[in-house]
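Single-structure report; data block below.
Just so it is clear, none of the values below were taken in a lab; they were calculated from the coordinates. Note that the structure is predicted; figures quoted are calculated from it, not measured. Here Cβ is always computed from backbone atoms with ideal geometry, including for glycine, and neighbour counts include all displayed protein chains.
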Amino acid sequence: MEARLDNGDIRPVEWIDGSIKLLDQTRLPLEEVYLSYQDYRELATAIKEMRVRGAPAIGVTAAFGVALAAVHSKAANLETLRTELSEAIAVLAATRPTAVNLFWALDRMQAIIPRAIDPDHLRQLLVDEAARIFEEDDCANRQMGLHGAALLPDQASILTHCNAGGLATSGYGTALGVIKAAWQCGKQIRVFADETRPLLQGARLTAWELMRAGIPTTLISDNMAGALMRAGEIDCAIVGADRIAANGDVANKIGTYTVAVLAKEHGLPLYVAAPVSTIDLNTPRGENIPIEERNADEVRHLFGTQIAPSNVQVRNPAFDVTPHSLVAAIVTELGVVRAPYEAGLRALARAR
Ligand code: MRU
């Protein structure tokens with residue numbers, strides 16, 4: 001096997017001299033457009049509109065959002081600045097409810113606030129903490145890649161769902177990070193990417209990102225996965241996570257549960273790759289995870305074109321929960337956890 005270079009230099013979010021630069025993921029793959037933010041409220045809207053998305057990237061962006069609020073505040077005393085920051089944290093926390101990385105990152109930013117001795121000191125501490133969250137996520141992804149690559153056999157055909165790549169993180173990816181690491185080790189792998197209705201993160205983002213990395217990729221519609229598994233064309237599946245409950249139940253993009261059931265029926269392992277910041281030990285089981293319900297028009301329309309009767313009833317939960325019994329292993333930056341998950345996940349949290 002021949003090692004390959006990493007050319008996955010994606011930066012979905014960056015802090016540049018007091019502004020936040022976002023790669024607008026709603027425009028990919030047709031256009032590569034960058035947006036610049038100096039107002040945290042506009043940034044919160046961008047998170048809701050999924051211009052930036054994916055659990056770790058949402059957390060990193062929100063952390064930078066708190067720094068942005070501090071840097072652009074005119075508050076001259078510490079108390080006023082602290083009050084403004086509480087409001088900014090509340091606005092950013094109200095964007096997307098399922099990805100626990102959002103709340104994890106905002107809690108880290110909140111914990112910094114009492115440490116400052118004056119407003120400028122607080123601004124600097126917050127910028128530094130957000131940069132640390134960004135860098136730690138990047139490192140965690142790469143570590144996760146190394147731990148997870150060993151799980152993927154050479155010559156494997158791997159199914160993935162949604163986008164858990166560099167676009168969804170600081171820049172390397174969780175599930176796609178594992179795939180990239182295996183590819184960089186020289187493994188001959190190929191990926192089947194579910195298109196991932198309703199917003200098509202698989203078709204628009206995963207296909208774009210994997211092709212950019214030079215990894216053989218085949219796009220399939222969501223309803224093809226079962227037939228391909230039955231035909232023996234898929235060896236395993238790997239996905240990311242928005243929140244992992246203490247018992248190992250996994251919330252991820254709607255359709256992940258379907259993939260998990262299909263994998264079980266066909267005797268294939270389903271792996272979940274996520275940083276420790278996605279593990280929520282305060283949420284005991286999957287049914288306690290809040291699931292975001294999004295606008296019905298995301299299902300009734302496709303790229304602005306109506307594809308269903310205007311008044312048809314719609315359900316649009318953005319995520320589902322896969323019970324831990326269907327998960328073969330959870331790959332984190334600290335290592336691979338297998339059942340019984342509760343003990344393993346608690347040990348990881350202690351090791352952190
Ligand atoms: O609604 P999205 O696009 O934010 O959902 C993203 C996912 O479900 C990802 O699989 C998950 O956040 C993991 S990203 C590394």
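Miscellaneous remarks
- Distance between the pseudo-spin-label points of Q38 and E87 (7 Å out from Cα toward the beta carbon): 1.9 nm.
- Taking every DSSP beta bridge that has both ends in the chain, the antiparallel portion is near 55%.
- Short-range pairs are left out: with C-alpha atoms under 8 Å and at least six residues apart, the relative contact order of the range 144-351 is 22 percent.
- Taken along its principal axes, the alpha carbon cloud of the range 144-351 reaches lengths of 51, 39, 34 Å, longest axis first.
- Peptide ranges 185-194, 270-279 listed from the most packed, as the mean C-beta count within 10 angstrom indicates: 270-279, 185-194
- Per-residue extension of 0.36 nm, minus the Cα-Cα distance of S325 and L30, leaves a gain of 102.3 nm for this segment.
- Residues W15, W183, sorted so that the one with the fewest Cβ neighbours within 10 Å comes first: W15, W183
- Pairwise centroid distance, computed over Cα atoms, of the range 46-103 with the range 155-181, Å: 26 Å
- Length available on full extension from R338 to A94: 0.36 nm per residue minus the Cα-Cα distance, which gives 84.5 nm.
- Here the spin labels are modelled as points 7 Å beyond Cα on the Cα-Cβ line, and at A349 and S221 they lie 4.2 nm apart.
- Convex hull volume per residue in cubic angstrom - Cα atoms of the range 215-312: 162 Å³
- Pairwise centroid distance, computed over Cα atoms, of the range 293-322 with the range 192-218, Å: 21 Å
- Computed helical MRE - 222 nm, the chain, DSSP H runs ≥ 4 contributing -39500 (n - 2.57), nearest 500: -12000 deg cm²/dmol
- Inter-label distance, nm, simple model (7 Å from Cα along the C-beta direction), S310/R11: 4.5 nm
- Taking a ≥ b ≥ c as the square roots of the eigenvalues of the alpha-carbon gyration tensor, the chain is classed prolate because a/c is 1.5 or more and a/b outweighs b/c.
- Of the peptides 131-138, 207-214, 294-301, the order by per-residue mean of other Cβ atoms within 10 Å, starting with the highest, comes out as 207-214, 131-138, 294-301.
- When only Cα pairs below 8 angstrom with a gap of at least 6 residues are kept, the range 13-142 shows a relative contact order of 25 percent.
- Mean Cβ count within 10 Å, highest first, over the residues of peptides 328-341, 160-173, 18-31: 160-173, 328-341, 18-31
- Size of the range 13-142: Rg and Dmax of its alpha carbons, in Å, are 14.0, 47.
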